[in-house]
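One structure below.
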Amino acid sequence: MRNEKEMIPVLTEYLNNHMGYSIIANELDSGYGIADIVATIDSQEHHYYAFKHLIDVFLLESLPFNKTIIFDDICKLTSYSEKHLKYVVLKGFIEGGFLEKTENGYKRIKKLTTKRNPIIAVEAKIEKWRNAFLQAIRYKKYADFCYVALPEKAVKNVNLTLFKENNIGVLAVSPSKSVFKVLNSRQNKDKNDLYAIYVNGILYKDRQTTDSDV
């Protein structure tokens, strides 16, 4: 492998065919770093929410459930302009079935559910495994499983103990373009559910866009 770009299609095929991840995105901006590959498993049994911005998820979650809150108090929770908040953000929450307009303000009528498919994030590097490791640590904010992918010859230089202690898996890509696990990533119990909801929504939205273009 001469560069990271050559590794991406090989890793994508591996995630799809060997690990069962059917919704896959490259260079996904999670609001907490841009991973080379982020993926999840397609299923109609799980819930997806397509938020435009990460801060919208936190704003919605900060609104009291089944209780009216006046517009001025919502303004205090965000740096959005009043116009954007009312006619874009809150309007979107209403259209999404999360809010309803009341006589005195807004009432949240729907809670976010964390029932969703697992997310995997992969950072690919040719040599700089330490940089990849630090980036993968950031993806633990939202991902259930985090991996660093390296060419097979570079894996021998990796401090696998460091990876194991921080629950970051390692994938090796051989010259013949096969992929195998050097170190498995365990289920991440420390992720932030709101970050995960946001990223899952991006993945599913991208999948719907792709499907509509076929």
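The values are calculated or read from the model by the stated rules, or taken from the named source; none is laboratory data. Model, not experiment: these values are computed from the prediction. As a convention, Cβ positions derive from the backbone with ideal geometry for all residues, glycine included, and neighbour counts pool all protein chains shown. When the accessible area is computed, the model is the full protein with side chains, heavy atoms only, and any ligands, DNA or RNA have been set aside. Shrake-Rupley method; radii C 1.70, N 1.55, O 1.52, S 1.80 Å.
Assorted remarks:
- Some residue of segment 48-62 being on the phi < 0 side of the Ramachandran plot, modelled with pLDDT under 90 and either open to solvent by 80 Å² or more (accessible area, probe 1.4 Å) or among the aliphatic types (A, V, I, L, M) (or both): yes
- Residues located in segment 127-140, provided they are open to solvent by 10 Å² or more (accessible area, probe 1.4 Å) and either at pLDDT 95 or above or not in a loop (DSSP other than H, G, I, E, B) (or both): Trp129, Arg130, Asn131, Phe133, Leu134, Gln135, Ile137, Arg138, Lys140
- When the criteria are applied in full, Lys67 fails the requirement of being open to solvent by less than 60 Å² (accessible area, probe 1.4 Å), of a type in the set (D, E, K, R), in contact with a Lys or Arg (Cβ under 7 Å, 6 or more places away or on another chain) and over 23 Å from Asn192 (Cα atoms).
- Those residues of segment 137-187 which are touching a Pro at 6+ places or on another chain (Cβ under 9 Å) and under 26 Å from Gly31 (Cβ atoms), in sequence order: Ala143, Asp144, Phe145, Gln187
- Lys86 satisfies every condition listed in (1) basic (Lys, Arg); (2) open to solvent by less than 40 Å² (accessible area, probe 1.4 Å); (3) modelled with pLDDT of 95 or more except (2).
- In segment 13-28, the residue that is most open to solvent (accessible area, probe 1.4 Å) out of those that are under 16 Å from the mean Cα position of the chain (by Cα) and within 17 Å of Val148 (Cα to Cα) is Glu27.
- Taken over segment 89-110, the criterion of being in contact with a strand residue (DSSP E or B) (Cβ under 6 Å, 6 or more places away or on another chain) and open to solvent by 40 Å² or more (accessible area, probe 1.4 Å) is satisfied by Glu100, Asn104, Lys107, Ile109.
- Residue list for segment 148-200, restricted to those being part of a strand (DSSP E or B) and of a type in the set (Gly, Ala, Ser): Ala149, Gly169, Ala172
- Filtering segment 69-93 to residues that are within 15 Å of Ala50 (Cα to Cα) and under 24 Å from the mean Cα position of the chain (by Cα) leaves Val88, Val89, Leu90, Gly92, Phe93.
- Unique match (being basic (Lys, Arg) and under 21 Å from Leu203 (Cβ atoms)) among Lys101, Lys140: Lys140
- Per the listing Leu112, Leu134, Leu85, the residue uniquely of a type in the set (A, V, I, L, M) and closer than 30 Å to Val179 by Cα is Leu134.
- Hey, Leu171 surrounded by fewer than 16 Cβ atoms within 10 Å (Cβ to Cβ) and modelled with pLDDT of 95 or more or not: no
- Test result for Leu28, in contact with a helix residue (DSSP H, G or I) (Cβ under 7 Å, 6 or more places away or on another chain) and under 23 Å from Lys205 (Cβ atoms): yes
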